[in-house]
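To keep things clear, I will list the structure first and then write my remarks on it.
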Amino acid sequence: MGSFRRSYYNMFSKVYDRIIELHSHDPQGRLRRALADRTGLKPGDKSLDICTGTGAVPPVLAKKVGNKGLVVGLDFSKGMLQKASKKISTNSLENIVLVQGEAQHLPFKAGIFSAVTCSHAFYELKGEIREEALMEIRRVCQSKGRFCMMEHEVPKKRVIRFLFYIRMLVAGGLRSRAFLSQETDLFRNHFSEVKKDILPGGNTKVICGTIE
Ligand SMILES: C[S@@+](CC[C@H](N)C(=O)[O-])C[C@H]1O[C@@H](n2cnc3c(N)ncnc32)[C@H](O)[C@@H]1O
């Protein structure tokens, strides 16, 4: 499934980190830490980062779970995972493993993760895939485990907002706009204690929910 999308991300992987460096306004990784802080992860826990890309989030989660814990970074793009793998071996991070797979068909047993994260990717999943991914996240998480997702907040500047909607439409399909306006309600269909925080700076949000 999605071989065109996969090829697109394989090509994108070659310039992804450079583009993020130029546009993220997060050189110190403050936003990723804010995501990790909301997971409730403790030393020894197992954690999953879906759509992990070039591996920006796993090192931050790895600090939370420590040497006795484990972080799995999952992505369907080989190109992205190659970049992630380089980053992880350069920094000698031994409690991170990378797995090639799809967010909507997670290759893991039920109830093994204490938390699942997804950074800047959830809106790029097409509507039906997003729904399947949410069910898979619930399946692989322990009871009282958390799902925390980080995304851009709808931009205030008109031109940037227009480009944001184009990205959502192209990547996520026609139902993305509806998803955006009802995102917290839709999360409540799958999780309890759903909470949305706008991070300092106002451009990024984190939505977290707890698995019953
Ligand atoms: C915009 S990047 C975000 C990467 C990373 N999470 C970050 O914050 O930098 C989106 C990532 O989602 C991955 N992706 C898209 N659809 C996917 C799917 N159905 N299953 C697994 N990975 C997927 C892409 O390969 C890409 O690496």
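Read-outs throughout are calculated quantities, based only on the coordinates presented, and are distinct from any laboratory measurement. In this text, all values refer to a predicted model and were calculated from it rather than measured experimentally. Ideal geometry is used to build each Cβ from the backbone, glycine not excepted, and the neighbour counts take in all protein chains shown.
Tabulated data for the structure shown
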quantity: FRET E, pair Ile160, Asp37, Förster distance 25 Å, beta-carbon r, rounded to 0.05; calculated: 0.40
quantity: Cut-off 20 Å, label 7 Å out along Cα→Cβ of Arg139, residues of the stretch 102-124 by amide N; calculated: 102-118, 122
quantity: Low-density loop cleavage sites - GluC sites (Glu not before Pro) in the stretch 108-161, where at most 10 other Cβ are within 10 Å (DSSP); calculated: none
quantity: Computed label-point distance, nm, for sites Ile198 and Arg30 using a 7 Å Cα→Cβ extension; calculated: 1.6 nm
quantity: Virtual spin-label span in nm between Gln100 and His190, 7 Å along Cα→Cβ; calculated: 2.5 nm
quantity: Solvent-free Debye scattering, log10 I(q)/I(0), computed from the Cα coordinates of the chain at q = 0.13, 0.14, 0.16 Å⁻¹; calculated: -0.69, -0.82, -1.12
quantity: Amide H within-cut-off set for Leu199, under 5 Å, with H built and near neighbours excluded; calculated: Thr204, Lys205, Val206
quantity: Too-long pairs where the Cα-Cα distance tops 32 Å, listed order kept, from Lys14/Lys64; Lys64/Lys195; Lys46/Lys205; Lys63/Lys196; calculated: none
quantity: Cα centroid of the stretch 26-49 to Cα centroid of the stretch 57-127, whole Å; calculated: 12 Å
quantity: Leu22-Arg177 pseudo-label distance in nm [points 7 Å out on the Cα-to-Cβ vector]; calculated: 2.9 nm
quantity: Ranked list, fewest to most other Cβ atoms within 10 Å of each Cβ, for Arg177, Arg138, Arg146; calculated: Arg177, Arg138, Arg146
